[in-house]
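Read the figures in this text as sums done on the coordinates, not as results from a lab. Quick caveat: nothing in here was measured; it's all calculated off a predicted structure. So basically every Cβ, Gly included, is an ideal-geometry build from the backbone, and we count neighbours across all protein chains shown.
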Amino acid sequence: MLFRLRSLVLALASASLCASAVWAGGPGDSTPSAGPTDRLIVQYRAGSTGAARADRNVLAALQAAANQRGVQFDVRRRNAFGALVLQLDRRLDAADAAALAQAVAAADADVEFAEPDRMMHIQLTPNDSRYLDQWHYYEATAGLNLPAAWDKSTGVGVRVAVIDTGYRPHADLAANLVGGYDFIGDTFVSNDGNGRDSDASDPGDAVAAGECGVGDPASSSSWHGTHVAGTIAAVTNNGSGVAGVAFGAKVVPVRVLGKCGGYTSDIADAIVWASGGTVSGVPANAFPAKVLNLSLGGGGACDTTTQNAINSARSRGATVVVAAGNSNANAANYSPASCAGVISVAATNRSGGRAYYSNYGTVVDLAAPGGDVRSSSTNGILSTLNSGSGAPGADSLAWYQGTSMATPHVAGVVALMLAANPALTPDEVESRLKSSTRAFPAACSQCGTGLVDANAAVVAATGGGGGGGDTIVAEVESNNSRNTAQLISPNPALVNGRIASNSDTDYYRVSLAAGKTLTSTLTPPPAVDYDLYIYNASGTQIASSTKGAGLVDSAAVINNGGAAVTVYVRVRYYSGGAANYTLRLAQ
């Protein structure tokens, strides 16, 4: 999967950067293209000959299938899961690459899967002494409510991996950087004269017109990773520059994006390594991170390689936070926003409504400030940057906008939560984070459970409101229809329920006060998949969450009327057998 930088349009406006929307499909494109690629990822089944060897005898069937389409390939390397990364002799568009992958998989019964090595791109639309310019931290309307949270946690002891373009040693950031690695193997993409190495510094990602493909515009260096890292952990209380959300935390810079983007195979290896996993040929990570920030994405649903990497990171206790995307489209059509087990983040503007560019949909978990610089650059997100248009220049600060900017706000809040309670699992982090969000102050349809509230999230992490102090309620049968729904009146309430069979379903009835938001969080046991639905008094479905086995489902509804209304929350069996669950209801 190619995470493409080429669709960025950067323009210098006064002392700030501003730009139009990104995503390869363009703003509002609901059928995104994955873009061209010159690589495939081929995973052999465990124990097969191909799983251990990559010689021509083993690959003969694959090459024959490729030959029929006029394509030659060489083996570039194996990834963190032992899959082969094949380098093609030319670039193929998305449809041809997918067809080739399908043919390659069909050519050898020992192939478990084959898929294009798509490229992804950064998720911004760019445009302290400067703390007062960081409205996104403290303003009552749409800010993060950080000052109250900082009284409880600053992120000390937590490491956050920023998987991005690398870093610049900005004076307002460098003291909070630790370790890091450059995972870009292609020297054109890396733009630093070499392949993978321990230097994660960003040499710049500027491109000339047409350099990434016919018709692609020129763009200046974005210094995107430096901006993202500054939002998470810029040095704070030092009398200059900007503040970071979790300024007591450390950032592990992991470089995967360069000129024209970055390959999925490199990004997947970086996810594994950043969380403390093993990648062949790469030294062990001396600073494994418990939070991974991926402010990047591309067209197409979540691929197997990325999902495997996310699963691997989660197995080591890492929480993965990703950008929903900037195409004003359904995030289900983008990766990694649509991957299971991630916290997918939409962007809000300064009024607290959905930013015009932000993706949305049922896969979005929540939202955070992302900015909107159309009327003024100061309505964007201010963070650390570099002044160089191509090669590195002097330290600078700039306002950017995008889900790329919203995502590090959430990653920083997760760091605050983990510093307050290091025992939290990734699922517990997600559940408490989502249940502690506040209602959107402006329209943000399909933006998840609400706007992130840093203070409430830290309180929830330590067992207070938004995740603790709940009234425990036992399920009372029979409650398998709306007519027999069990009334839940405590607020907040934690229902201990059970799905007794694959035909069982449980309904709960709640009176939702005027102006309030009901947040419902369903936590099943591992390997069990139950789904969450919310209906109005007429029985019309108004919200749902249908994530996979073992994952936390969360949905929210707002009563914008002037009187209380009745809503019905339903837990429905999908797979995994009979089991107990918890359902948290809070408004």
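Annotations
- Vicinal HN-Hα couplings computed from phi for segment 298-312 (Karplus, 6.51 cos²θ - 1.76 cosθ + 1.60; Hz; Gly/Pro x): x, x, x, 5, 4, 8, 5, 4, 5, 4, 4, 5, 5, 4, 4
- By DSSP, the beta bridges lying fully in the chain are antiparallel in about 70 percent of cases.
- Residue exposure sequence - Ile488, Ile310, Ile232 - by fewest surrounding Cβ within 10 Å: Ile488, Ile310, Ile232
- Based on C-alpha pairs under 8 angstrom that are at least 6 apart in sequence, segment 244-292 has a relative contact order of 27 percent.
- Approximate spin-label separation Arg53-Ala106, in nm, with each point projected 7 Å along Cα-to-Cβ: 2.7
- Segment Tyr356-Ala423, length gained on full extension (0.36 nm per residue, minus Cα span): 20.4 nm
- Cross-link pairs beyond the 30 Å C-alpha cut-off, checked among Lys290/Lys434; Lys152/Lys434; Lys290/Lys547; Lys152/Lys516: none
- Model label sites at Ser478 and Ser280, defined 7 Å from Cα along the beta-carbon direction, differ in position by 5.9 nm.
- Summed residue charge, Cβ within 13 Å of Val569's Cβ, Lys/Arg positive, Asp/Glu negative: +1
- Peptides ranked, highest mean first, by Cβ atoms within 10 Å: ranges 42-49, 252-259: 252-259, 42-49
- Per-residue 3J(HN,Hα) values for segment 205-222, derived from phi via the Karplus relation 6.51 cos²θ - 1.76 cosθ + 1.60 with θ = phi - 60°, read 10, 5, 9, 7, 4, x, 5, 9, x, 4, x, 6, x, 6, 8, 7, 5, 8 Hz in sequence order (x marks Gly and Pro).
- Report summary: the helix-based calculation at 222 nm, which adds -39500 (n - 2.57) for every DSSP H run with n ≥ 4 and divides by the residues of the chain, gives -5500 deg cm²/dmol.
- Prolate/oblate/rounded call for segment 318-419, Cα gyration tensor, a/c under 1.5 rounded: prolate
- Pairwise FRET efficiency - Gln68 versus Ala564, Cβ, R0 = 45 Å, nearest 0.05: 0.10
- Centroid-to-centroid separation of segment 165-229 and segment 388-423 [C-alpha atoms, Å]: 16
- Unit charges on C-beta of K, R, D, E only; dipole of the chain, Debye: 640
- Gyration tensor (alpha-carbon) shape descriptor, segment 131-436, a/c threshold 1.5: rounded
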